[in-house]
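Enquirer: Here it is: the structure, laid out below.
We did not get these values from a lab; they are worked out from the coordinates using the rules stated. In this text the structure is predicted, and so the values were computed from the model without any measurement. Note that each Cβ is placed from the backbone with ideal geometry, even for glycine, and that neighbours are counted across all protein chains shown.
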Amino acid sequence: MNRNTVLTLMIMGLAVGAAQAEGLVKSTQPNVVIFYADDFGWGDLRRHNTNPDHFRYTPNLDRLFNEGIELKNYMTHAVCSPSRAGLLTGRHYARVGAGPRTGGTLPNDIRNIAKDFQAAGYRTGAFGKWHNSLPNFPADGNGARVDYNIAGRPNALHGEKTLDLTNNIFENHKGWKWGEGVNAYGFDRWVGYYNGGGDLFDRYVNWHHDVDWWHDRNYRGDETGYTTDLITKYAVQFIEDNASGPFFCYIPEEAVHNPLHLKRSDLREFCEKLDSELGIKGQWEYVSHLASPKTGRRLGDVAELRCEKGQEFDVSRIDPDQSHYAHLAYAAYVYSLDKSIGAVIDKVEQLGKLEDTVFMFASDNGATSKGINLPFKGGKHSLWEGGVHVPAALWWPGTFDRNTAPYAPGNNIYDGFIGYIDMYPTLMSMTGQSCLGTDLDGMDCWSHLKARTECRPGTMTDPLFWMWLDYGSVRTHQWKLIYSESQNRMELYDVVADIEETDNLASSQPGICATLTQTYREWIKKNDYAMSYMTIDKSNIRYPDPAPAGEVLEIRATQTRPIKNPDRDGVFVRFSNGSAWDQEYDAYVHPGDRVEFDIFVCEDSDIVQGCFYTPGDGWNPFYKSTNGLNQDGVALADLTLPRGVWTRQVVGIGNYCPGIMPVNLIALRSRTPGTYHIYMDNMIIVKKDGSIRSVIWQSQSDFAPPLYRYKNVNHNTLDRAKAVDGFPFKDIQLRVVTHPGG
């Protein structure tokens, strides 16, 4: 090597060193920031919505979407916890017991994105809504387990419960075991809450009957401030503290989940932005003079605006037609989310780390009726596009943005089919880090994103699957099937040509219907899931034969009139509290769980249909006319039983995962009057491996005094139930007897 070459290399080295010192050279370990909005719909983004009657102002999100790459066909789940579990682990929520419903505990022996970034030397932080496990016992000992039914003193703000911010004790009123806490999932820093949502000014949660707010392993129920502001504050602080990088910052926002709570200052600022930016005049003058129908106070005089039903500035009372104030308030809530996102991006930019940071934005599911999902059909809690097709974007300034070929010039849309479960492996690949998770359902889409090619190629390959309460769905890039065996429901949409899902092609495309139906059924069978809207494969039944013995439950009743709408007007009798489950993760229904019970109709029973066991949640029975198929494909509600013969009934319960210790009910709902004389025994919830998750009823020790549910109202005694006009029973008797066979 000659002298000139050496000098050249030295000069280059000095230049690189200087550039690194000034933050001009990209890091080999770029930072990652994930903004995960809650209930944010497709049309809640200004870029997607120019409707002057439902205006949105989201300049910071528009920047991310305009300068980054929009993921036009990004799919998620229809509710919170499952989508978060899938994002973090790269696995379908059913495989980690996190859905399709909300709650549950994410098993901590599964790799997740935070653990991988932590292993790669990143500082990791989470700020906001967790909703994937229970709190840990506070590190400083300020936690207590109290009785579920503990009484609270009346409180003007929260009604039946007292809020005492001087009490820095987290009262675990359900008496459950404590969880591991968010830090145990790979996060060095954690500030936020565990529940689905609560009061945005004090973080009180009805479900806990307490304030839910934590700093790492410490309970901080005494902290004051607006939740979105606190999330922003601690996320920005984390980024400042770790500016030397690399860092992974997960920000699952509170907004725009219920309740609709606003700072007056945000609402005023939003109204002023409408004036200056969009030319929509006079909004603050109008809204500030609105008076609360509850207190008489003017909105403009109150700093904390609670706008939910029954609260001080209830939008449904002030604006019953939902024509102005209701939209204005919600749009201001969206704006508060946008401000939070802007503050984080601005901090990264101020630190000179913009080009060393990958930003991701997505919503956990579609919007509620308050938000905008148009042009899609449906919304949160549905598997139509409005529930699962949400705004999403990736932005890595200078590396993956609108100026990056093949997106440049000017077309920054990725049209490929991509899902929430793909984000974990994709982000690890984008940043050059090792993805240590194995057996993933998600795919590494980074090479396809860069090349602008289809991540999940082909018409029928690499689909995404969903399950819901009484139906399921499978979607490829082009085709979407909505399917329920119990409802005889079949909807097929070409979502490339008909994204609004207006033209059901099930009858005109029988071949595609058959293929997708088979694909869905094979997925269910492969994983041994037990959905109540599908017939369980008999080869997966561990206890196929009835085996009554010892004490059995006897049901006698006299029905005096027809029940025309059994789902609504049937009578459901609570007879058992079930049994507690020992381990935290197993304290929930799992997707492979099934309900099994023995039933016998006596010869003197007039009625042979409409009596069965059903679990319930919050006193709502699971098995109705729309689901609850037994092993022969017959709904329990329609099952005609033989007299004088014990039969075994096996029904899936997995679509109610992760339900917690369900209420146990005997359904009495015949369409014709007459007498019931029926025995039941061996009511259990069985795991897919054949072991018993919970004993519902086997003997007198499992029996609980009956309670009666009629027309969605609970009654402590039969006399109270009979006093209700139209009650269709003269008498109902449940008692424990010796098995008639000896």
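Enquirer: At 1.306 mPa s and 10 °C, plugging the Kirkwood radius over alpha-carbon pairs of region 505-556 into Stokes-Einstein gives what diffusion coefficient in µm²/s?
Expert: Result for D is 110 µm²/s.
Enquirer: Taking a 27 Å limit on the Cα-Cα distance, which of the listed pairs LYS624/LYS722; LYS129/LYS624; LYS72/LYS233 fall beyond it?
Expert: Beyond 27 Å: LYS129/LYS624; LYS72/LYS233.
Enquirer: Taking the chain as a whole, which cysteines find no other cysteine Cβ under 4.7 angstrom from their Cβ?
Expert: So far as the 4.7 Å Cβ criterion goes, CYS80, CYS249, CYS271, CYS307, CYS435, CYS513, CYS602, CYS611, CYS657 stand without a partner in the chain.
Enquirer: A follow-up question, please. List the residues, sorted by chain then number, that are 5 or more residues from GLY610 or on another chain and whose placed amide H is less than 5 Å from its amide H.
Expert: It is LEU639, by chain and number.
Enquirer: Write down the Kirkwood hydrodynamic radius of region 464-527, to one decimal in angstroms, obtained as one divided by the mean of 1/r over all alpha carbon pairs.
Expert: 11.8
Enquirer: Where Rh is the Kirkwood radius over the Cα pairs of region 166-255, the temperature 10 °C and the viscosity 1.306 mPa s, what D in µm²/s does Stokes-Einstein return? Provide the component values of the computation, followed by the final result.
Expert: Details: Rh = 14.0 Å.
My calculation gives 113 µm²/s for D.
Enquirer: With axes computed from alpha carbons, what is the tilt in degrees of helix 80-89 against the longest principal axis of the chain, rounded to the nearest 10 within 0 to 90?
Expert: On a 0 to 90 degree scale, this one is about 60.
Enquirer: Also, I was wondering about something else. Taking θ = phi - 60°, what integer Hz values does the Karplus form 6.51 cos²θ - 1.76 cosθ + 1.60 yield along region 622-630, in sequence order, with x for Gly and Pro?
Expert: 6, 8, 9, 6, 8, 7, x, 6, 7
Enquirer: Which whole number of Å³ per residue matches the convex hull of the alpha-carbon atoms in region 542-738?
Expert: About 110 Å³ per residue, rounded to a whole number.
Enquirer: Let me check I have the definition right: for region 479-612, take the eigenvalues of the Cα gyration tensor, multiply each by 5, take square roots. What are those semi-axes in whole Å, largest first? Don't skip to the answer; put the middle values down first.
Expert: On the way: eigenvalues 274, 104, 48 Å².
In descending order, the three semi-axes are 37, 23, 16 Å.
Enquirer: Quick one: give the max-minus-min coordinate of the C-alpha atoms of the chain along each principal axis, largest first, in Å.
Expert: Projected onto its principal axes, the Cα set of the chain covers 105, 66, 55 Å.
Enquirer: Over 32 Å between Cα atoms: which of LYS480/LYS564; LYS480/LYS711; LYS294/LYS711; LYS525/LYS711; LYS273/LYS353 fall into that group?
Expert: LYS480/LYS564; LYS480/LYS711; LYS525/LYS711
Enquirer: If I take R0 = 22 Å and measure r between the Cβ atoms of ASN504 and MET460 in this structure, what FRET efficiency does the formula 1/(1 + (r/R0)^6) give, to the nearest 0.05? Provide the component values of the computation, followed by the final result.
Expert: Working: r = 19 Å, r/R0 = 0.87.
According to the calculation, E is roughly 0.70.
Enquirer: Same structure again: Sorted from largest down, give the three principal axis spans of the alpha carbons of region 357-486, whole angstrom values.
Expert: 49, 35, 25
Enquirer: Using the alpha-carbon atoms, what tilt in degrees (0 to 90, nearest 10) does helix 3-21 show relative to the longest principal axis of the chain?
Expert: That helix lies at roughly 50 degrees to the long axis.
Enquirer: Provide the percentage of antiparallel DSSP beta bridges, counting only those with both residues in the chain; round to the nearest 5.
Expert: In the chain, approximately 75 percent of DSSP beta bridges are antiparallel ones.
Enquirer: Tabulate in residue order the Karplus-calculated ³J(HN,Hα) for region 206-212, using 6.51 cos²θ - 1.76 cosθ + 1.60 with θ = phi - 60°, rounded to whole Hz; enter x for Gly and Pro.
Expert: 4, 4, 8, 6, 6, 6, 10
Enquirer: Counting Lys +1, Arg +1, Asp -1, Glu -1, what net charge surrounds TYR219 among other residues with beta carbon under 12 Å of its beta carbon?
Expert: -4
Enquirer: Rounding to the nearest 10 and keeping the result within 0 to 90°, find how far the Cα-based axis of helix 510-527 lies from the longest principal axis of the chain.
Expert: Around 80 degrees separate the two axes.
Enquirer: Listed highest first by mean packing, meaning other Cβ atoms within 10 Å per residue, what order do 504-513, 40-49, 203-212 come in?
Expert: 40-49, 203-212, 504-513
Enquirer: May I pose another question? Would you please put 639-646, 385-392 in order of how densely packed they are, using the mean number of other Cβ atoms within 10 angstrom per residue and starting with the highest?
Expert: Answer by packing, highest mean first, reads 385-392, 639-646.
Enquirer: Something else about it: Answer rounded, prolate or oblate for region 600-714, using the Cα gyration tensor with square roots of eigenvalues a ≥ b ≥ c: rounded when a/c is under 1.5, else prolate when a/b is larger than b/c, else oblate.
Expert: Rounded, because the longest to shortest axis ratio a/c is under 1.5.
Enquirer: Using 0.36 nm per residue of separation minus the Cα-Cα distance, give me the extension gain between GLU240 and GLU67 in nm, one decimal.
Expert: That pair, GLU240 and GLU67, stretches by 59.9 nm at full extension.
Enquirer: For the chain, calculate the relative contact order in percent as a whole number, restricting contacts to Cα pairs under 8 Å that are 6 or more residues apart.
Expert: 15
Enquirer: Provide the packing ranking of 102-114, 698-710, 244-256, i.e. peptides ordered by the mean count of other C-beta atoms within 10 Å per residue, highest first.
Expert: Sorting 102-114, 698-710, 244-256 by mean packing, highest first, produces 244-256, 102-114, 698-710.
Enquirer: I've got another one for you. Which listed residue (THR105, ILE499, GLY659) has the Cα farthest towards the positive end of the charge dipole for the chain, taking +1 on Lys and Arg C-beta and -1 on Asp and Glu C-beta about the Cα centre?
Expert: Value computed over the given set: GLY659.
Enquirer: Considering the zone a paramagnetic label at THR560 would reach in this model (a point 7 Å from Cα along the Cα-to-Cβ line), which residues of region 691-722 have amide N under 15 Å from it?
Expert: Within reach of a label on THR560, which here means backbone N under 15 Å from a point 7 Å along Cα→Cβ, region 691-722 contributes 718-722.
Enquirer: Using the Karplus equation 6.51 cos²θ - 1.76 cosθ + 1.60 (θ = phi - 60°), what ³J(HN,Hα) coupling, rounded to whole Hz, does each residue of region 64-78 give in order, writing x for Gly and Pro?
Expert: 4, 6, 6, 8, x, 10, 7, 8, 5, 10, 8, 10, 9, 9, 8
Enquirer: Set the Förster distance to 51 Å, then compute FRET efficiency between ALA497 and ASP346 from the Cβ-Cβ distance, nearest 0.05.
Expert: Details: r = 41 Å, r/R0 = 0.80.
The formula returns an efficiency of 0.80 here.
Enquirer: Turning to a different aspect of this structure: Please report the net charge: other residues with Cβ closer than 11 Å to the Cβ of ASP702, K and R +1, D and E -1. Mind dumping the intermediate values first?
Expert: Values: positive: none; negative: GLU551, ASP681.
Within the 11 Å Cβ shell, the charges total -2.
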